[in-house]
Amino acid sequence: MTTSAGQFAGREREQVFAALDSFRIEVPSWGFANTGTRFGKFTQGGAATTIEEKFADAGQVNALTGASPTIALHVLWDLPKGKGDVAEIRRLERQYGVRSGSINPNLFQDQEYKYGSIANPSAEIRGNALAHLLDSVEIGRELGATDVSLWIADGSNYPGTQSVRRRIEWMQEVLKLTHDALGEGQRMLVEYKPFEPAFYHTDIADWGMALELARRAGPKAKVLVDTGHHYQGTNIEQIVAWLLRLGELGGFHFNDRKYADDDLTLGSIDPYQVFRIFHEILSVSDEERAGVAFMIDQSHNLKGKMEAMVQTVVTAQELYAKAALVDREQLAGLQQECTEECFRGAFWQDVRPVVREWRVARGLPAEPLKALVESGYVEKITRERGSKNARSVSSYA
Ligand code: LRH
Ligand code: MN
């Protein structure tokens, strides 16, 4: 029930405050770096190139939003010396007040992975891939990070060039060994993607394949849903409902897209999609929800990287607040034709005023994006990093 001033009062205000108090979303280190498409990248003077700069930027986003206390790390990009970088990462955690989040192994860059990594016909190459996964598990353990988040780019480009069936076997072996190396409290998340960089078959292409591989690996393996990794028209919230029902949902990589894995900013194309996903999440018990990690996985090619990241966290908070307004008891009791209005109605509520109230009540800037601009942070990092970034060229071929 909104007051005349459109302010939320009573139960609804508490619902939004409680939802925002528990809402946390992880930022990706690579979201602060100069990234692009295969046709090149447009560099930004303020982009982060060192892991310290990535922690500094993540620290700023968390200070402005109060909702992103962890940063996802990509092993080869952020820990080139592997375990040798752990001490430095611990120092940066203390200095910038953000903790290491999910550890993302990288099995898609090295030349030897041309025909795959954990699904490669060569046992020696599968062994090298396993070694990198075990290193990543070790790094996660030493950093006290819970999740090792696996995206496997493996696949093929032409029919008949690979045995899809034998590759399943090889993947299972490596994923089982990786699972069994996980320490107390550690999990492995299996991310699926229908295509790119492979364009005929991808070994872990959909939620069913990821689910089966996770289950066969063991109880510490769960499925990761990247919202950009679905064919057009896929009902993603139905997949989420299934994975929640099965207790196999480990987390999300949130972004938005118009066509394929466009990695655009969350809610920029289809905010109702994220609202529907959040509704499924808020429809289960606190314990079931506790194990679901929210992470951002975007590449900011044209938007300012800091602005895009702050905007993304703010948009996610607003959509989560809207989903918190759905009266799920009423929804359960209502007949068919009324449910949509009860559901849709929450989406159309303007929650920005009550979310601003929550920020102020928690000692945070009421308008994080405005506060970012007023802080002069982007100008500062552009001054400090500009000359270095100007030297970084980008070309497709
Ligand atoms: C693959 C992916 C994966 C990350 C990469 C940066 O498309 O979603 O999660 O490793 O983007
Ligand atoms: Mn992803």
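The values are calculated or read from the model by the stated rules, or taken from the named source; none is laboratory data. Here the structure is a predicted model, which is why all the values come from computation and not from measurement. Cβ placement follows ideal geometry from the backbone for every residue including glycine, while neighbour counts extend to all protein chains displayed.
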For this session: Among what's in segment 79-108 and is out of contact with any helix residue (DSSP H, G or I) (no Cβ under 6 Å at 6 or more places or on another chain) and assigned to a loop (DSSP other than H, G, I, E, B), pick the residue that is surrounded by the most Cβ atoms within 10 Å (Cβ to Cβ).
Result: F108
For this session: For G233, state whether it is of a type in the set (G, A, S) and assigned to a strand (DSSP E or B).
Result: no
Exercise. Only one of (1) among the hydrophobic types (A, V, I, L, M, F, W, C); (2) crowded, with 21+ Cβ neighbours inside 10 Å; (3) over 20 Å from S136 (Cβ atoms) fails for A290. Which number is that?
Worked result: (2)
Seminar exercise, completed: Conditions (1) of a type outside the set (A, V, I, L, M); (2) under 18 Å from the mean Cα position of the chain (by Cα); (3) part of a loop (DSSP other than H, G, I, E, B) -> G250 fails only (3)
Seminar exercise, completed: When segment 231-256 is checked residue by residue, the ones that are free of Cβ contacts under 8 Å to residues at least 24 places away in the same chain and either within 16 Å of ligand 1 (Cβ to nearest atom) or in contact with a helix residue (DSSP H, G or I) (Cβ under 6 Å, 6 or more places away or on another chain) (or both) are T234
Exercise. Would you pick out the residues in segment 200-253 that are touching a Lys or Arg at 6+ places or on another chain (Cβ under 8 Å) and hydroxyl-bearing (S, T, Y)?
Worked result: T202, T227
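Quick grid of which residues meet (1) crowded, with 16+ Cβ neighbours inside 10 Å; (2) over 23 Å from the mean Cα position of the chain (by Cα):
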residue: T315; (1), (2): yes, no
residue: Q330; (1), (2): no, yes
residue: G333; (1), (2): no, yes
residue: A346; (1), (2): yes, yes
residue: R352; (1), (2): no, yes
residue: L364; (1), (2): yes, yes
residue: E374; (1), (2): no, yes
residue: I381; (1), (2): yes, yes
Problem set entry | Selection status of G116, buried (at least 16 other Cβ atoms within 10 Å of the Cβ), over 18 Å from the mean Cα position of the chain (by Cα) and in contact (Cβ under 8 Å) with a residue 12 or more places away in the chain | yes
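Right, F39: under 25 Å from T315 (Cβ atoms) and either in contact (Cβ under 8 Å) with a residue 40 or more places away in the chain or crowded, with 19+ Cβ neighbours inside 10 Å (or both) or not? Before you say what the answer is, go through the steps one by one.
Numbers: under 25 Å from T315 (Cβ atoms): no; either in contact (Cβ under 8 Å) with a residue 40 or more places away in the chain or crowded, with 19+ Cβ neighbours inside 10 Å (or both): yes.
Here the answer is no, as F39 does not meet what is asked.
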Seminar exercise, completed: Conditions (1) touching a helix residue (DSSP H, G or I) at 6+ places or on another chain (Cβ under 8 Å); (2) crowded, with 24+ Cβ neighbours inside 10 Å -> R126 fails only (2)
Exercise. Counting only residues that are more than 20 Å from V313 (Cα to Cα) and either within 15 Å of ligand 2 (Cβ to nearest atom) or touching an Asp or Glu at 6+ places or on another chain (Cβ under 7 Å) (or both), how many does segment 251-275 have?
Worked result: 1
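Taking the stated definitions as given, is T315 away from ligand 1 (no atom under 16 Å from the Cβ), farther than 25 Å from E367 by Cβ, assigned to a helix (DSSP H, G or I) and hydroxyl-bearing (S, T, Y)?
Working: away from ligand 1 (no atom under 16 Å from the Cβ): yes; farther than 25 Å from E367 by Cβ: no; assigned to a helix (DSSP H, G or I): yes; hydroxyl-bearing (S, T, Y): yes.
Considered against the rule, which asks whether it is away from ligand 1 (no atom under 16 Å from the Cβ), farther than 25 Å from E367 by Cβ, assigned to a helix (DSSP H, G or I) and hydroxyl-bearing (S, T, Y), T315 comes out as no.
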For this session: Read through the list (1) under 21 Å from V190 (Cα atoms); (2) touching a helix residue (DSSP H, G or I) at 6+ places or on another chain (Cβ under 8 Å); (3) within 16 Å of ligand 1 (Cβ to nearest atom); (4) in contact (Cβ under 8 Å) with a residue 40 or more places away in the chain, then give the number of the only condition that G228 fails.
Result: (2)
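Residue by residue, here is whether (1) modelled with pLDDT under 95; (2) among the acidic types (D, E); (3) over 26 Å from S68 (Cβ atoms) holds:
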{"residue": "A119", "(1), (2), (3)": "no, no, yes"}
{"residue": "H132", "(1), (2), (3)": "no, no, yes"}
{"residue": "S136", "(1), (2), (3)": "no, no, no"}
{"residue": "E142", "(1), (2), (3)": "no, yes, no"}
Problem set entry | All positions within segment 210-225 that are part of a strand (DSSP E or B), away from ligand 1 (no atom under 15 Å from the Cβ) and out of contact with any helix residue (DSSP H, G or I) (no Cβ under 7 Å at 6 or more places or on another chain) | none
For this session: Can you tell me which residue within segment 197-213, out of those that are within 16 Å of ligand 2 (Cβ to nearest atom) and within 22 Å of V284 (Cβ to Cβ), is surrounded by the fewest Cβ atoms within 10 Å (Cβ to Cβ)?
Result: W207
Problem set entry | Which listed residue, of K305, K222, is of a type in the set (K, R), within 16 Å of ligand 2 (Cβ to nearest atom) and surrounded by 19 or more Cβ atoms within 10 Å (Cβ to Cβ) | K222
For this session: Check F199 against each of (1) more than 16 Å from ligand 1 (Cβ to nearest atom); (2) more than 19 Å from the chain's Cα centre (by Cα); (3) closer than 22 Å to D262 by Cβ and name the one condition it does not meet.
Result: (1)
Exercise. Only one residue in G304, G267 is out of contact with any Lys or Arg (no Cβ under 8 Å at 6 or more places or on another chain), touching a residue at least 60 places away in the same chain (Cβ under 8 Å) and away from ligand 1 (no atom under 15 Å from the Cβ), so which one is that?
Worked result: G304
